[in-house]
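Colleague: Below are the structure tokens for one structure; questions will follow.
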Amino acid sequence: MLTPTVARTWAPRGQTPRLCHSQRHDRISVISGISVSPQRRHVGLYWHWHHHNIREREAVAFLRHLLRHLRGPVVLVWDNLGVHRGKLVRQLCRRVPRLHLEFLPAYAPELNPDEGVWRQTKHRLANNCPTDRFDLAVGLVNELEALRCSPSRLWSCISHSGLTL
């Protein structure tokens, strides 16, 4: 959202830090995932962003994006968001036999490695005051690219979730 996430910061003594922002509630929505190659243990990060809430159509587009970039069988571990279980997603799974969906238990975000991606990204974007959705998207893409280029940070998301690979 354009409303900044506020985090503790430093300032000279007697000068309270101030965040100047508008009260606009514009936002962007992002769907993302971490990939792990079973043979080489290579990690990757994929995402799509949109100016509206993620719906089934966007979830299917993201799955197609993953299938274009990942070879062999794809086992996708997803949370229980309704769009992840929708009719269009099920139809895609029937048409693409190499795609297998596994779902995390309900109300268990601590098991989702992708939550680590967003924890790190939001932390790095804290106290940032974007002027519009484009400015927000540019900052977000820059942070996601930095995370994509850091295998150790991606592995930390996976290890923090406690899932074994």
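The values are calculated or read from the model by the stated rules, or taken from the named source; none is laboratory data. Note that the structure is predicted; figures quoted are calculated from it, not measured. Counting neighbours? That spans all protein chains shown, and the Cβs are built from the backbone with ideal geometry, glycine included.
Colleague: Would you tally the residues in segment 47-56 being among the charged types (D, E, K, R) and surrounded by 16 or more Cβ atoms within 10 Å (Cβ to Cβ)? Reasoning before the result, please.
Modeller: First, pick out the residues of segment 47-56 that are among the charged types (D, E, K, R): 55-56.
Then keep just the ones that are surrounded by 16 or more Cβ atoms within 10 Å (Cβ to Cβ); that gives 56.
Count: 1.
Colleague: Could you check residue 41 against (1) loosely packed, with under 12 Cβ neighbours inside 10 Å; (2) in a helix (DSSP H, G or I) and say which number it fails?
Modeller: Tallying (1) loosely packed, with under 12 Cβ neighbours inside 10 Å; (2) in a helix (DSSP H, G or I), residue 41 fails exactly one: (2).
Colleague: Quick one: which residue in 146, 137, 108 is in contact with a Phe, Trp or Tyr (Cβ under 9 Å, 6 or more places away or on another chain) and of a type in the set (A, V, I, L, M)?
Modeller: On the way: 146 fails: in contact with a Phe, Trp or Tyr (Cβ under 9 Å, 6 or more places away or on another chain); 108 fails: in contact with a Phe, Trp or Tyr (Cβ under 9 Å, 6 or more places away or on another chain).
Within the list 146, 137, 108, the selection yields 137.
Colleague: Can you find, within segment 21-38, the residue that is modelled with the lowest pLDDT among those that are assigned to a loop (DSSP other than H, G, I, E, B) and hydroxyl-bearing (Ser, Thr, Tyr)?
Modeller: Narrowing segment 21-38 to residues assigned to a loop (DSSP other than H, G, I, E, B): 21-28, 37-38.
So of that shortlist, the ones also hydroxyl-bearing (Ser, Thr, Tyr) come out as 22, 37.
Working: 22: 58, 37: 88.
Filtering segment 21-38 for residues that are assigned to a loop (DSSP other than H, G, I, E, B) and hydroxyl-bearing (Ser, Thr, Tyr), the one modelled with the lowest pLDDT comes out as 22.
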